[in-house]
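Below is one structure, written out as structure tokens; the observations come after it.
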Amino acid sequence: MNFPWVIAVDEAELAKLALEGASHVDGHAPGVLGYALQAYAAAGIRSDHEAFTIEEGRERLRAGLWLLIREASVARNLRALLPLVQEFGPSRMAFCTDDREPEHVVSDGHVNAIVREAVAFGIRPEDALAMASHHAALWHRLDHLGAVAPGYQADLLVLPDLERFVPDLVLKRGRPIREIEPVGVPEWVKHSVRVQPVGSNDFHIPWSGGPARVIGLVPGQIVTEELVDEPTAKAGFAVADPSRDLAKIAVLERHHGTGRIGIGFVRGFGLRSGAFASTVAHDAHNIVVVGVDDGDMARAIQRLSELQGGVVVVESRGVRAELPLPVAGLLADAPLAEVLARSEECHRAVEQLGCTIEAPFQTLSFLALSVIPKLKITDQGLVDVDRFQLVPLAVGV
């Protein structure tokens, strides 16, 4: 085994190593490896669900971390990491989904879908089931969950086979889920969107020419690229340009009504018209909006405020589709069938705007996550995650 160890005397030195030592895999895929990874482990980090190459996963296991293998709607890392289960066995590994959209859960499943794919890949069913249940409970120190044994809570899926992993019966504490009374949501949780009124002029970007930083989407991943391009300018303002797949992106603080807005450009959605927005925007969950029309961006934010959270698609100032998420702006309180229907309407609507990527709303939510490289955006502005610094939109400023 050939990898470096770090011996540090204080937390400041560990943090410095962790921040300065970040490296890149395959030219654009970020991964904490080598000295930086050892610094993270020494500082107390004990698991990671962001590994998406076999090299990253192997180093995490060798460093003593738990490897949480993720298969989400956007970030799909399962097949890349499953060979590690065959190499080392399932110890210190567990499955997770991170973020899955309603359509994905209904059509494919949740963790049971990961188990199904793992078994089809060649993982033994008993190992896959342990990684889906017992190992996850072990890592989270939920000692009463994750096993079928005396003293363990009877949260069970009764499976007819070990190929499809579609349960015939679901039990919670030994009771069929249909017998469990739903829990009410306090009214105060439904009033979390507090924003200042916005108009199209709030998305104007004064511009005298020159190159700008552009967030570049990476298909199938939540990492991004930092692109450089010169935006189209009209009447002294930088504008979106659908012909070059250059849309505006903005993040608005929505918890305290500060009026703070960060604005930039993004490439990869393929929008030809309109805008779409969401209050699901990791991890601060401010409002994030992408569009090629400033007025449509403002209308989307106005509608999210009226709904007190959700997903909205707008074109020509009209709401084309929406999914209310009134519980903290993150969760629906409607029946599954209604949530699914509205979510599908939103996907169809954003496709009609020209969007070409899979899981556009999940992708949107991660563009405000300022701890995943490379270039992200918050209500404070653009963030160079590798350097953990705010950076200006204009290059060279």
**Study point:** Highest-MSF residue in the chain out of ASP99, ASP161, ASP384 [GNM, Cα springs under 10 Å]
**Key:** ASP161
Review point. How would LEU156, LEU353, LEU393 line up by accessible area, probe 1.4 Å, largest first?
Key: LEU156, LEU393, LEU353
Check your understanding: Which of VAL74, VAL350, VAL183 moves most in a GNM of the chain, Cα contacts under 10 Å?
Key -> VAL183
Check your understanding: Got a sec to turn the phi values of segment 82-97 into Karplus ³J(HN,Hα) couplings, 6.51 cos²θ - 1.76 cosθ + 1.60 with θ = phi - 60°, whole Hz, x for Gly and Pro?
Key -> 4, x, 5, 5, 5, 6, 10, x, x, 4, 6, 10, 8, 8, 8, 9
Revision key, fill the gap. As straight-line cross-link partners of LYS234, the qualifying lysines (C-alpha separation under 28 Å, not fewer than 8 residues apart within one chain) are LYS248, LYS376
Exercise for review: Take the chain, connect every pair of alpha-carbon atoms lying under 10 Å apart with a spring to form a Gaussian network, then pick out the residue of VAL158, VAL251, VAL105 with the largest mean-square fluctuation.
Suggested key: VAL158
Revision key, fill the gap. Which residues qualify? For THR378, with a placed amide H closer than 5 Å and at least 5 residues away or on another chain, they are VAL383
Study note, to complete from the structure: By the mean-Cβ-within-10 Å protection proxy, highest first, 328-339, 119-130, 52-63, 281-292 rank as 281-292, 52-63, 119-130, 328-339
Review point. Which three extents, in whole angstrom, do the alpha-carbon atoms of segment 137-219 cover along their principal axes, largest first?
Key: 70, 37, 27
Check your understanding: Taking amide H positions as placed 1.01 Å from N in the peptide plane, with prolines and chain starts having none, which residues 5 or more places from GLY354, or on another chain, fall under 5 Å of its amide H?
Key -> ARG272
Study note, to complete from the structure: For LYS172, the lysines lying under 30 Å Cα to Cα, once residues fewer than eight places off in the same chain are dropped, come out as LYS190
Study note, to complete from the structure: Descending accessible area (1.4 Å probe), largest on the left, turns LEU169, LEU364 into LEU169, LEU364
Study note, to complete from the structure: With segment 332-397 reduced to its Cα atoms and the Debye formula applied, log10 I(q)/I(0) at q = 0.16, 0.23 1/Å amounts to -0.71, -0.93
Review point. How many nm is it between the label spots at PHE237 and SER200, if each spot is 7 Å from the Cα in line with the beta carbon?
Key: 0.7
Exercise for review: May I ask for the net charge around ARG100, where only other residues with Cβ less than 11 Å from the Cβ of ARG100 are counted and Lys, Arg are +1 while Asp, Glu are -1?
Suggested key: -4
**Study point:** Derived scalar couplings ³J(HN,Hα) [segment 271-281; Karplus, 6.51 cos²θ - 1.76 cosθ + 1.60; whole Hz; x for Gly, Pro]
**Key:** 4, 9, 7, x, 7, 9, 8, 8, 9, 8, 8
Check your understanding: Which of the peptides 313-320, 136-143 is most tightly packed, and how do the rest follow, judged by the mean count of other Cβ atoms within 10 Å per residue?
Key -> 313-320, 136-143
Study note, to complete from the structure: Rounded to whole Å², per residue accessible area for segment 280-397 with a 1.4 Å probe reads 39
Review point. Karplus couplings for segment 58-69 from phi (6.51 cos²θ - 1.76 cosθ + 1.60, θ = phi - 60°), rounded to Hz, Gly and Pro as x?
Key: 5, 5, 5, 5, 5, 7, x, 7, 7, 9, 9, 8
Check your understanding: Which whole-number percent gives the relative contact order of the chain, counting Cα pairs below 8 Å spaced six or more residues apart?
Key -> 12
Exercise for review: Using only Cα atoms, tell me the angle between helix 336-352 and the longest principal axis of the chain; keep it within 0 to 90° and round to the nearest 10.
Suggested key: 40
Revision key, fill the gap. Length gained if VAL148 through HIS110 is fully extended, taking 0.36 nm per residue and subtracting the Cα-Cα distance, is 11.7 nm
Check your understanding: At a 1.4 Å probe, what is the % contribution of carbon and sulfur to the accessible area of segment 181-340?
Key -> 54
Check your understanding: Whose amide H sits under 5 Å from the amide H of THR232, counting only residues 5 or more places off or on another chain, with H placed in the peptide plane?
Key -> VAL239
**Study point:** 1.4 Å probe accessible area per residue over segment 88-241, in Å²
**Key:** 57
Revision key, fill the gap. With every protein chain in place, the accessible area of PHE265 for a 1.4 Å probe, in Å² rounded to the nearest 10, comes to 0
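The values are calculated or read from the model by the stated rules, or taken from the named source; none is laboratory data. Only a predicted model underlies this, so the values are computations on that prediction, with no experimental measurement involved. Counting neighbours? That spans all protein chains shown, and the Cβs are built from the backbone with ideal geometry, glycine included. Quick note on the areas: whole protein, heavy atoms, side chains included, nothing else; ligands and nucleic acids left out. Shrake-Rupley method; radii C 1.70, N 1.55, O 1.52, S 1.80 Å.
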